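Engineer: Dropping a structure here in structure tokens format, bear with me for questions.
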Amino acid sequence: MDLMVDRAISIIDLDPGIADAIKACNSVLQMRFPVKIKGKLEIFTGWRAVHSTHRLPAKGGIRFATGVNQDEVEALAALMTFKCAIVDVPFGGSKGGLIIDPNKYDRDEMQQITRRFTLELVRKGFLNPATNVPAPDMGTGQREMAWMADTYKHLHPEDINYSACVTGKPVHHGGIRGRTEATGRGVQYALREYFRHPDDVRAANLEGGLGGKRIVVQGLGNVGYHAAKFLSEDDGCKITAIIERDGALINEDGLPVEDVYRYIVENKTIKGFPGTSFVDDGAKVLEMDCDILIPAALEAQIHEGNADRIQARLIAEAANGPVTYGADQKLQQRGVVILPDAYVNAGGVTVSYFEWIRNISHIRFGRMQRRQDELRGHQITAMLEEHTGVHVDEKLKQNLTRGADELDLVRSGLDDTMRMAFQEMRDLRMNDEKVDSYRTAAYVIAIKKIATSYIDIGVY
Ligand code: GLU
């Protein structure tokens, strides 16, 4: 990512001091703590990195995985800074990680470990509604966020904004509707927006709209599952392959995403899913002919070793960092279009922002105006009927008189965010010949915004 950022910096002609300030990771906390598991003490290691604090709180997920390390956490914290800037979420960037295989522990043990980890974060000032707000990431979800929020609340009952200390919480614990599927929904909205611009579509050697496009998805976790589900159910796309850890399923007519997902949840594997061909070598399936490839699993899946064989015309990076710098260059030379992670998967943090606002304002979105909107709708239809003498059809009446609820507002806010960010990247590409990809455009936009805020407050 450093090389990608450097490339953008060289285009902007930024003061080297400011460039260094933007690139540097602000602070990183390493923790080692013991937890008694089945009568024996186990030592756990974790990190929380804060990349930038030009806006507060610093924001970003916490991942529970065996491969977590400090370099990865710092790089992902930097990516959060750029992500927030691209989608205009007024937060700094942060990321956390704990070395753990969550499958090895039962629910109670996971709770104990998560609460202990949270205690360390809170005590060291790395978890707080005003300064540092974690969220789910790989290996964590609503359950862990509820434990973290509860631990913080016990330590700081006097903090009126305690529930804003993490996002991605269950709805009945201060979460917001639409957060769980937000990243996948954002991927869908990003692709929809891309396909609204025929010139951009042609640049990827594609034609027509999103409907009917053949899509290969890598990783049916929270992000991949929701993206694949929405794109197949709402947009008429065909999910022609799903790649998982233990192999891949292929069906040129389109896979039933919901059924495959349920099968994985029940059987912990995709092997044996009925009615489709199974391939052991999942990595090979990344190279399958398709219109859109959505890597939604780990980092560095598309690298210099396989980049030349990738046949997709468009890659939507739903995971963080799935394409290496070398692969990015090779793909670009071959005319493969990449929608970058910092934009494509920013739906999660965007809805986290909405959740945080909901928490600090202590009210559900739509609570005050929903019935008012409904009433106005009734009045307008009644007036229309009276003046024209035409009876408004019941279905239309229902739509006109329905006040927006929280989920409607979250979706509308997310859709608007994804559209605006794409248009900003697109405009820059069209108006600056040095900006030769959406990725460079995304970084140039983000770095400009961050630099402006550094210069405005005089920190350089
Ligand atoms: N973990 C997600 C990401 O990488 C969400 C971060 C957040 O909501 O703060 O973008």
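Engineer: Would you work out if the stretch 134-286 is rounded, prolate or oblate? Take a ≥ b ≥ c from the square roots of the eigenvalues of the alpha-carbon gyration tensor; rounded if a/c is under 1.5, else prolate when a/b is larger than b/c, oblate otherwise.
Structural biologist: Note, shape of the stretch 134-286 comes out oblate.
Engineer: Now for a separate question. Once phi is turned into ³J(HN,Hα) by the Karplus curve 6.51 cos²θ - 1.76 cosθ + 1.60 with θ = phi - 60°, what whole-Hz value does each residue of the stretch 300-314 show in order, with x for glycine and proline?
Structural biologist: For the stretch 300-314, the Karplus curve yields 6, 7, 10, 10, 4, x, 10, 4, 5, 9, 5, 9, 4, 8, 9 Hz.
Engineer: Over the stretch 63-152, what per residue volume does the convex hull of the Cα atoms give, in whole Å³?
Structural biologist: Value for the stretch 63-152: 93 Å³ per residue.
Engineer: For a footprinting-style exposure proxy, rank Leu384, Leu428 by other Cβ within 10 Å, fewest first. Working shown, then result.
Structural biologist: Working: Leu384 15, Leu428 19.
Fewest to most other Cβ atoms nearby, the residues stand as Leu384, Leu428.
Engineer: While we're here: In whole Hz, with x marking every Gly and Pro, tabulate ³J(HN,Hα) for the stretch 33-42 from phi via Karplus 6.51 cos²θ - 1.76 cosθ + 1.60, θ = phi - 60°.
Structural biologist: Here the 3J(HN,Hα) series is 9, x, 9, 7, 10, 6, x, 10, 6, 10 Hz.
Engineer: Sorted from largest to smallest, which semi-axis lengths in Å does the alpha carbon gyration tensor of the chain give for its equivalent ellipsoid, taking the root of 5 times each eigenvalue?
Structural biologist: Taking √(5λ) for each eigenvalue gives 32, 30, 26 Å, largest first.
Engineer: How much net charge surrounds Gly92 when only the other residues with a Cβ under 10 Å from the Cβ of Gly92 are counted, with Lys and Arg +1 and Asp and Glu -1?
Structural biologist: Combined, the nearby Lys, Arg, Asp and Glu give +2.
Engineer: If you don't mind, another one. What does the helix-only formula give at 222 nm for the chain: each DSSP H stretch with n ≥ 4 adding -39500 (n - 2.57), the total divided by the residues, and the result rounded to the nearest 500 deg cm²/dmol?
Structural biologist: Taken over the chain, the calculation gives -15000 deg cm²/dmol.
Engineer: Right, here's the next one. With the cut-off at 23 Å, tell me which of the pairs Lys95/Lys124; Lys213/Lys449; Lys95/Lys268; Lys104/Lys153; Lys83/Lys448; Lys284/Lys330 have Cα atoms farther apart than that.
Structural biologist: Violating the 23 Å limit, Cα to Cα: Lys213/Lys449; Lys95/Lys268; Lys104/Lys153.
Engineer: Fewest to most neighbouring Cβ within 10 Å: what's the order for Leu249, Leu3?
Structural biologist: Arranged by neighbour count, lowest to highest, Leu249, Leu3 become Leu3, Leu249.
Engineer: Over what distance in Å are the Cα centres of the stretch 117-154 and the stretch 32-110 separated?
Structural biologist: When both Cα centres are located, 10 Å separates them.
Engineer: Turning to a different aspect of this structure: For the stretch 326-460, what class follows from the C-alpha gyration tensor (a ≥ b ≥ c being the square roots of its eigenvalues): rounded when a/c is under 1.5, otherwise prolate if a/b is larger than b/c, else oblate?
Structural biologist: Since a/c reaches 1.5 and a/b is larger than b/c, the shape of the stretch 326-460 is classed as prolate.
Engineer: What order, most packed first, do the peptides 368-374, 52-58, 198-204 have when packing is the mean number of other Cβ atoms within 10 Å of each residue?
Structural biologist: Details: 368-374: 12.9, 52-58: 22.0, 198-204: 14.6.
Per-residue Cβ counts within 10 Å, averaged per peptide and sorted highest first, yield 52-58, 198-204, 368-374.
Engineer: Taking amide H atoms as placed 1.01 Å from N in the peptide plane, list the residues 5 or more away in sequence, or in a different chain, whose amide H sits under 5 Å from that of Ile338.
Structural biologist: Here Ile315, Tyr438 satisfy the definition.
Engineer: Quick check on the exposure proxy: order Ile450, Ile62 from fewest to most C-beta atoms within 10 angstrom.
Structural biologist: Neighbour counts put them in this order, fewest first: Ile450, Ile62.
Engineer: Next up: Ordered by residue, what ³J(HN,Hα) values in Hz, to whole numbers, does the stretch 419-425 give under the Karplus form 6.51 cos²θ - 1.76 cosθ + 1.60, where θ = phi - 60° and Gly and Pro are x?
Structural biologist: Once rounded to whole Hz, the list reads 5, 4, 5, 5, 5, 5, 5.
Engineer: Something else about it: Can you give the local net charge around Glu74? Use residues other than it whose beta-carbon is closer than 14 angstrom to its beta-carbon, Lys and Arg +1, Asp and Glu -1.
Structural biologist: For residues surrounding Glu74, the net value is 0.
Engineer: In terms of modelled amide H atoms, which long-range or inter-chain residues lie less than 5 Å from the amide H of Arg55?
Structural biologist: Gly92
Engineer: Given contacts defined as C-alpha pairs under 8 Å and at least six residues apart, what's the relative contact order of the chain, whole-number percent?
Structural biologist: Computed over the chain, the figure is 16 percent.
Engineer: Place the peptides 401-409, 117-125, 133-141 in order of packing, highest mean first, counting for every residue the other Cβ atoms within 10 Å and averaging per peptide.
Structural biologist: 133-141, 117-125, 401-409
FYI, it's all coordinate maths here, none of it is from the lab. Everything quoted here is computed from the prediction, not taken from an experiment. Heads up, the Cβs are rebuilt from the backbone with ideal geometry, glycines too, and the neighbour counts pull from every protein chain shown.
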